[in-house]
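**Q** The structure that follows is given in the form of structure tokens.
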Amino acid sequence: MNMINLKIDDFDIQVPEGTTIMQAADKVGAHVPRLCYHPYLSTDGACRICIVEVEGYRNFVASCHTLVAEGMKVRTNSAELRQTRRDLTELLLDNHPRACLTCDRDGNCELQNLSYRLGVRDRLFAGDRKRFPIEKDNTAIVRDAEKCILCRRCVRVCAEVQGVYNLSQMYRGFTTVVAPAFESKMDESVCIMCGQCINVCPTAAFSEKSHYDEVFDALSNPKKHVVVQVAPAIRVAIAEGWDILGVDATGKTVEALRRLGFDAIFDTNFGADLTIMEEANELINRIEKNEKLPLLTSCSPGWINFMEHFYPEMIPYASTCKSPMQMTSTLVKTYYAQKKGIDPKDIYSVAIMPCIAKKYEAGRQEHFAPEGYPYTDAVLTTRELIWMIKAMGIDFVNLPDSDFDDPLGESTGAAAIFGTTGGVMEAALRTAILKLTGKKPENLDFYDVRAIEGLKEATIKINGMELNVAVANGLANARKILDKIQSGEKQFHIIELMACPGGCVAGGGQPHQPAEQFVYPLDTHIISQRQAAIYSIDSNKSIRISAENPSIKKIYKEFLKKPGSEIAHNLLHTTYSEKYPRGVK
Amino acid sequence: MRDITHLNITLDKSIVDYIEECRQKEHPESYLIAVLHKVQGIYGFLSEDHMYEVAHLLGVPTSTVYGVATFYHFFRLKPKGKYSISICMGTACFVKGADLVLQSFKNELGIDIKETTSDGLFSLEGTRCLGVCALAPVVTINDEVFGNVTPNQVPEILIKVKSIDKQAQ
Ligand code: SF4
Ligand code: SF4
Ligand code: SF4
Ligand code: FES
């Protein structure tokens, strides 16, 4: 590799050819201010905040997309540079609502941060600014184009990471806007509601449709029995709301929910163990009959939306298992209601999810009881729950630990790992091997399917049989693997698909990266800390195979009979259908 | 992989064939603008259905097609009105107040340039010099030429066109 010598501020530095000035400056500790740049996305050059001075160049250059050259002399700071960056930021603010006090991103907004850091103080500009209505009646995503600064990170994440290409920049000049094709509502576009645009947006131009008002109402309604469940990826991320990274805060989360006034606190992990029972059964059936292979997992509603919009011809291959959230909610209004003698109509069922697409999933007609009420009444993101805990003045960090309630509270290590890419696969393998061989697998850790990377293939040997498996996260990777199957290039028995890059740990509803630190949204360090916490929950559990969960055994004995039984089929399985508009492949 | 079996194709066969030709070339997506030109050439504007079909046939995301269609001034997204009003924006007309005339049309009709009234009757365009500078400012409505137009004549002109339209029915 060719090395390039250059000088940045007072430092001589040698970097490989092809390095950008910004990357080189980072190496000497000069963090050039930036806004549209994101390390995992293509470089766009939309904001020009990252300008630097290069000796011999007439104009400032954008450091994020200018490559280093031999002998270059770069200055990252000067009075003129600072002034120009401030001017550029002020221009953005002149066209911005500046509603920080009442804004969802207040305290956590890259634009707010940047303007503070660059020294923007009073702003008296009173000219016209762009006006767009807020699109707030969607099922999952709120789009507030007035807060958009046209950095196009969302356009890039949606295309490059998710392969959805739902967003694009439209029109020009004052009326420029980022929106789906035909400026249709998000609900009427090919959006699969993963919420990654919310994650990467530096402002509040994208946010989740909040359900916390409804939940507070239910909590203060004495006629309602309010039940809540917590997804596997919440407990390892929630403490970030109090700046604590990579810890398992299960006990404190349960205690906080108790103090918020929930009547029963269940674990989505129980639903995950149940999902494995049903899904392993489905897999073994399909393998025995050699039909409808590969089995495509169905826990990620973002992936399901993607399949329905882009690959409807794959619907017959998808597992019919409801997601762990829906399994748990369904049992809350059937099994639990019967046990407690409560009319299911008086139960309000809340799910805490790291996910935006879950808000959509909860409202799907397929997930309504025959009597006409939804099994899940409201879905809160990790961010919304953090806010509710703070709003109630609960001192989260110093809370004692509390346990989930019976009968839907006990779970295994296999369920814990549902929250990360590869986890559903590993959990399924543990139970499938037990069922196929009658013996517990000798080693429960399937490192071959654990990965933070987006696509992994492996071959697992069971009883002399070879099981071809694949794990994909980020839907651009799902496209790759599905195209391989459709072209006949490769055959698999089971494929785990999750919409978000890294799995639910990096879901669209997870805490935003800390403000005022040089950390990007979806930072791999943060995601891998969440993952590590998940794996430690798994390894600390004495029971790590779903089929051995005593509460699962009990519910089959008392209520569900056996995996794939008629009642299990009616309550725990679902259907999918083709969606329009169809995505372009 | 391209799957267009779900598409109900309404585009003219010549366009479908042209897109097929583009698909054989190295970067089919780079022919998007050329394809859109052909669509507008035949239909006079780009309808949502047609853009959706182009996206699927050419294999370019629908959002990209719409982004391109809205970025370039020469694409129109709505059909022209039954009466297409063109205001000459050539130098002579401009100095003589064509912009004020245009503004008056905009106010009266409640539409902008390249838009069409909701009843489909009128659409507005700005055009280059029509070569009748002696009559500046000049407005044409379909084939009829109006010369020396002042902003306050605009309501009158519109009433006249409407009554002619009524009689014709
Ligand atoms: S998006 Fe950021 S800058 Fe804009 S109003 Fe919200 S907090 Fe303030
Ligand atoms: S939610 Fe996901 S699919 Fe929808 S626009 Fe955002 S990134 Fe794209
Ligand atoms: S919505 Fe957010 S991420 Fe997308 S362009 Fe606007 S500011 Fe950037
Ligand atoms: S960060 Fe370089 S142009 Fe936006």
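The values are calculated or read from the model by the stated rules, or taken from the named source; none is laboratory data. Model, not experiment: these values are computed from the prediction. Glycine gets a Cβ as well: all are built from the backbone with ideal geometry, and neighbour counts include every protein chain shown.
**Q** Of all the residues that make up segment B:26-40, how many are in contact with a helix residue (DSSP H, G or I) (Cβ under 7 Å, 6 or more places away or on another chain) and farther than 17 Å from residue B:72 by Cα?
**A** Here the count works out to 1.
Listed here are the residues, each with its yes/no results for (1) among the charged types (D, E, K, R); (2) in the same structural domain as residue A:483 (by TED's automatic domain parsing); (3) closer than 23 Å to residue A:340 by Cβ; (4) modelled with pLDDT of 95 or more.
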| residue | (1), (2), (3), (4) |
| --- | --- |
| A:223 | yes, yes, yes, yes |
| A:271 | no, yes, yes, yes |
| A:301 | no, yes, no, yes |
| A:311 | no, yes, no, yes |
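**Q** So is residue A:114 surrounded by 13 or more Cβ atoms within 10 Å (Cβ to Cβ), closer than 28 Å to residue A:501 by Cα, within 12 Å of ligand 4 (Cβ to nearest atom) and assigned by TED's automatic domain parsing to the domain that holds residue A:145 or not?
**A** On the way: surrounded by 13 or more Cβ atoms within 10 Å (Cβ to Cβ): yes; closer than 28 Å to residue A:501 by Cα: yes; within 12 Å of ligand 4 (Cβ to nearest atom): yes; assigned by TED's automatic domain parsing to the domain that holds residue A:145: yes.
Criteria met by residue A:114.
**Q** So, one more: Look through segment B:14-54, keep the residues that are among the aromatic types (Phe, Trp, Tyr) and more than 9 Å from chain A (Cβ to nearest Cβ), and return whichever of them is farthest from residue A:176 (Cα to Cα). Give the steps one after another, and end with the answer.
**A** First pass over segment B:14-54, keeping only residues among the aromatic types (Phe, Trp, Tyr): B:18, B:31, B:43, B:45, B:52.
If we keep only those that are more than 9 Å from chain A (Cβ to nearest Cβ) too, we end up with B:18, B:31, B:43, B:45.
Working: B:18: 31, B:31: 24, B:43: 26, B:45: 21 Å.
Per the stated criteria, the residue is B:18.
**Q** On to the next question. Could you check segment A:34-54 and list, in sequence order, the residues that are more than 9 Å from ligand 4 (Cβ to nearest atom) and either within 14 Å of chain B (Cβ to nearest Cβ) or charged (D, E, K, R) (or both)?
**A** Selection gives A:53 alone.
**Q** Going through A:170, A:186 one at a time, which residue ends up being in contact with a strand residue (DSSP E or B) (Cβ under 6 Å, 6 or more places away or on another chain) and near ligand 2 (Cβ under 9 Å from one of its atoms)? Quick ask: steps written out before the conclusion?
**A** Details: A:170 fails: near ligand 2 (Cβ under 9 Å from one of its atoms).
Result of the check over A:170, A:186: A:186.
Residues are listed down the side, and each one gets a yes or a no for (1) assigned to a loop (DSSP other than H, G, I, E, B); (2) surrounded by fewer than 22 Cβ atoms within 10 Å (Cβ to Cβ):
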position	(1), (2)
A:241	no, yes
A:245	yes, yes
A:272	no, no
A:285	no, yes
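**Q** Here is a further query. Looking at residue A:172, is it in contact with a His (Cβ under 9 Å, 6 or more places away or on another chain), within 14 Å of ligand 3 (Cβ to nearest atom) and not aliphatic (A, V, I, L, M)? Spell out the reasoning first.
**A** Working: in contact with a His (Cβ under 9 Å, 6 or more places away or on another chain): yes; within 14 Å of ligand 3 (Cβ to nearest atom): no; not aliphatic (A, V, I, L, M): yes.
So residue A:172 does not fit the description; no.
**Q** Please count how many residues of segment A:172-225 are more than 14 Å from chain B (Cβ to nearest Cβ), among the hydroxyl-bearing types (Ser, Thr, Tyr) and surrounded by 16 or more Cβ atoms within 10 Å (Cβ to Cβ). Give the derivation first.
**A** Filtering segment A:172-225 for residues more than 14 Å from chain B (Cβ to nearest Cβ) gives A:187, A:193-196, A:198-225.
Okay, now just the ones that are also among the hydroxyl-bearing types (Ser, Thr, Tyr), so A:203, A:207, A:210, A:212, A:220.
Remaining after also requiring surrounded by 16 or more Cβ atoms within 10 Å (Cβ to Cβ): A:203, A:207, A:210, A:212.
The total comes to 4.
**Q** Let me ask something additional. Among the residues of segment A:478-528, how many are in contact with a Lys or Arg (Cβ under 9 Å, 6 or more places away or on another chain), aliphatic (A, V, I, L, M) and within 14 Å of chain B (Cβ to nearest Cβ)?
**A** 1
**Q** While we're on this one: Residue B:11 fails exactly one of the following numbered conditions: (1) assigned to a helix (DSSP H, G or I); (2) out of contact with any Lys or Arg (no Cβ under 8 Å at 6 or more places or on another chain); (3) at pLDDT 95 or above; (4) away from every other protein chain (no Cβ under 13 Å). What is the number of that condition?
**A** Failing condition for residue B:11: (1).
**Q** What residue, among those in segment A:137-171 that are away from ligand 4 (no atom under 16 Å from the Cβ) and touching a Lys or Arg at 6+ places or on another chain (Cβ under 7 Å), is nearest to the other protein chains (Cβ to nearest Cβ)? Give the derivation first.
**A** Start the filter on segment A:137-171 by keeping residues that are away from ligand 4 (no atom under 16 Å from the Cβ), which leaves A:137-147, A:158-168, A:170-171.
Of the ones still in play, those that are also touching a Lys or Arg at 6+ places or on another chain (Cβ under 7 Å) are A:138-142, A:146, A:163.
Values: A:138: 17, A:139: 20, A:140: 18, A:141: 15, A:142: 19, A:146: 19, A:163: 10 Å.
Across segment A:137-171, the extreme among qualifying residues is A:163.
**Q** Being in contact (Cβ under 8 Å) with a residue 60 or more places away in the chain, part of a loop (DSSP other than H, G, I, E, B) and under 10 Å from residue A:574 (Cα atoms) is the filter here, so list the residues in segment A:309-323 that pass it.
**A** Passing the criteria: A:320, A:322.
**Q** Sticking with this structure for a sec: Could you check residue A:169 against (1) part of a helix (DSSP H, G or I); (2) under 19 Å from residue B:73 (Cβ atoms) and say which number it fails?
**A** Unmet condition: (1).
**Q** Moving on. Please specify each residue of segment B:86-143 satisfying the condition of being acidic (Asp, Glu) and in a strand (DSSP E or B). Even if it seems obvious, please write down each step before you answer.
**A** Within segment B:86-143, the subset acidic (Asp, Glu) is B:99, B:108, B:112, B:115, B:119, B:125, B:143.
Within segment B:86-143, B:125 is the sole residue that qualifies.
**Q** For residues that are surrounded by fewer than 24 Cβ atoms within 10 Å (Cβ to Cβ) and assigned to a helix (DSSP H, G or I), tally how many sit in segment A:426-443.
**A** The total comes to 5.
**Q** Looking at segment A:75-93, is at least one residue surrounded by 20 or more Cβ atoms within 10 Å (Cβ to Cβ) and touching a Ser or Thr at 6+ places or on another chain (Cβ under 7 Å)?
**A** Within segment A:75-93, one or more residues are surrounded by 20 or more Cβ atoms within 10 Å (Cβ to Cβ) and touching a Ser or Thr at 6+ places or on another chain (Cβ under 7 Å).
**Q** Residue B:135 versus (1) buried (at least 22 other Cβ atoms within 10 Å of the Cβ); (2) over 20 Å from residue A:173 (Cβ atoms); (3) outside the structural domain of residue B:21 (by TED's automatic domain parsing); (4) of a type outside the set (Gly, Ala, Ser): which is the lone unmet condition?
**A** The failed condition is (1).
**Q** Restricting attention to segment A:127-156, which residues are outside any loop (DSSP other than H, G, I, E, B) and either near ligand 3 (Cβ under 8 Å from one of its atoms) or touching a strand residue (DSSP E or B) at 6+ places or on another chain (Cβ under 7 Å) (or both)? Please lay out each step first, then the result.
**A** Step one: filter segment A:127-156 for residues outside any loop (DSSP other than H, G, I, E, B), giving A:135, A:141-143, A:145-147, A:153-156.
Scanning segment A:127-156 gives A:135, A:141, A:142, A:143, A:145, A:147, A:153, A:154, A:155.
**Q** Consider segment B:55-80. How many of its residues are in a helix (DSSP H, G or I) and more than 10 Å from every other protein chain (Cβ to nearest Cβ)?
**A** Initial filter on segment B:55-80 (in a helix (DSSP H, G or I)): B:55-58, B:62-71.
Then keep just the ones that are more than 10 Å from every other protein chain (Cβ to nearest Cβ); that gives none.
Selection size over segment B:55-80: 0.
**Q** If residue A:233 satisfies all but one of (1) in contact (Cβ under 8 Å) with a residue 60 or more places away in the chain; (2) within 16 Å of ligand 4 (Cβ to nearest atom), what's the number of the condition it fails?
**A** Unmet condition: (2).
**Q** If residue A:281 satisfies all but one of (1) within 16 Å of ligand 1 (Cβ to nearest atom); (2) not in a loop (DSSP other than H, G, I, E, B), what's the number of the condition it fails?
**A** All conditions are met except number (1).
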